[in-house]
Structures are given as C-alpha cells and as structure tokens.
1. Using 1/(1 + (r/R0)^6) with R0 = 41 angstrom and r between the beta carbons of residue 75 and residue 171, what's the FRET efficiency to the nearest 0.05?
2. Exposed loop trypsin sites (Lys or Arg not before Pro) only (DSSP loop, at most 13 other Cβ atoms within 10 Å): please give the longest stretch of the chain free of them, not including the sites.
3. Relative contact order (percent) for the chain, with alpha-carbon contacts under 8 angstrom and 6 or more residues of separation?
4. What is the local net charge at residue 97, summed over the other residues whose Cβ is closer than 13 Å to its Cβ (Lys, Arg +1; Asp, Glu -1)?
5. For Cα Rg over 2.2 N^0.38 Å, the choices are [x] 1.14; [y] 1.03; [z] 0.99; which was calculated from the structure?
6. Output the relative contact order of the stretch 146-209, whole-number percent, from Cα pairs under 8 angstrom with separation of 6+ residues.
7. Just the number, please: carbon plus sulfur as a percent of the accessible area of the stretch 1-114, 1.4 Å probe, no ligands or DNA/RNA counted.
8. Could you tell me the distance between the Cα centroids of the stretch 1-50 and the stretch 177-209, to the nearest Å?
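The values are calculated or read from the model by the stated rules, or taken from the named source; none is laboratory data. Only a predicted model underlies this, so the values are computations on that prediction, with no experimental measurement involved. We place every Cβ from the backbone using ideal geometry, glycine too, and count neighbours over all the protein chains shown. Quick note on the areas: whole protein, heavy atoms, side chains included, nothing else; ligands and nucleic acids left out. Shrake-Rupley method; radii C 1.70, N 1.55, O 1.52, S 1.80 Å.
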Amino acid sequence: MAIEKLACVTEGGALTGVANRDEVHRRGLWHETFHCWIVSRELGRTMVHLQLRSEGKADFPGLFDITAAGHIASHESMRDGVREIEEELGLALAFEQLTPLGVVNDEISLPGFTDRERAYIHLYEGTQIDLADYRLQPEEVAGMAAVDFQAFFELCMDRTEKVDASGFIERPEGREPFHGKIGLPDFVPHQPEYWKQVAIRIRRQLMDS
C-alpha cells in the first residue's frame, strides 16, 4: 500500500512541507481535510445525516461522525475531496453540487495521537436522498443515521444532551434498523467550537436557500 502523503500547513493555512499521515498525527502537524455534511428534507423537516464509523477503524471506531470526510493528499486539491462521498457512501456527486461553508480549525488530542485539521466544510442539500440510497464502504462506515437538524443544532450548541436518531447498522445478514437517543459522547470528539461552527454555518445556509 502506498504511503499517504499530506501537505502540512500552519494554523493559518500557509504551506510548510509534506509528511506521511502517521507522522502528521504523531507530531500534531496542521493539515487540510474535506468535510461534507448532507441534509435532506422529509415531511417539512430538515434532517442531517450522520455516519457511524466502522468498528475496524483505527481511530474512533463505533462513533458517529460527519456524513463523509477525508484527508487531502499532498498532490490533490480540495475539489478532489468529493471522492470521499462516493467511496464511503456510494453517492456520486460533483464538487459543484456542494456549498462551501468555510474553514474550521479542529484539534483532537489523545496519547500518541494529535489531529490538527484545517477542515474545509461543505454542505449538500439532497432533498431526495434517503438513507436507504447509501451503499457503504464497510471498512470505513458501519451504518447511517438521520437526526432532525434543529435538534442537532441544539446538541451542538450544548443546549441539550441527547437527540433522537434513526437509521440502520450494516450487518453481514443485512441492514438492521437503528432507533435511539445519542449525545456528543457518542460522536468523534471534535472540539466544542467545531460543532458550534458547523451547526451555525449549516443553519445560516439553510435559511438563505
């Protein structure tokens, strides 16, 4: 397997060099990532789609996260990040179909692992997308869930502890329905400011569209 090389940047985004992914996380180097949040409209409600990370993932297995996301290799542009949506979810989209919501700096620190991302946030308003339409990459994604966006907003703003989520978990014998309440401890531990900025920017875009 080829070693994944990432462009290293300053906290403000200036290019400083190139390093492999393991070194980037070991040394806590800032780097760029592609994040795409997908929302749909169902019976007058806006729903945000969440992926459930595979139990086989090295980082944060079994936790809910961004609809689709990934690193940008050193030879790629941000436009290339759209591939993550098709690879993880089986949904082929063009970069032009996404709405850019700016950059949010996000830092996750664990023993021996420091992930410092300049996350380029994108939104896709897929009015006709249903969770059943996704074809998951099992190594990466174990399931999908939808949450009412207003409830998600309240969760991200730390105004509530849990929200109702419905979706499915992919099993060898087929898709198992999932219904339950989830809170931020069930998500990848992005910084509180990341969640707030994502929620604010998505809501602003939804209000403008």
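1. Efficiency, rounded to the nearest 0.05: 0.65.
2. On the way: sites that count: 135, 159.
In short, 1-134.
3. Reported as a whole number, the value is 22 percent.
4. Net local charge, residue 97 excluded: -2.
5. The value matching this structure is [z].
6. Answer for the stretch 146-209 is 31 percent.
7. So the carbon and sulfur contribution to the accessible surface is 52 percent.
8. A separation of 16 Å, based on Cα centres.
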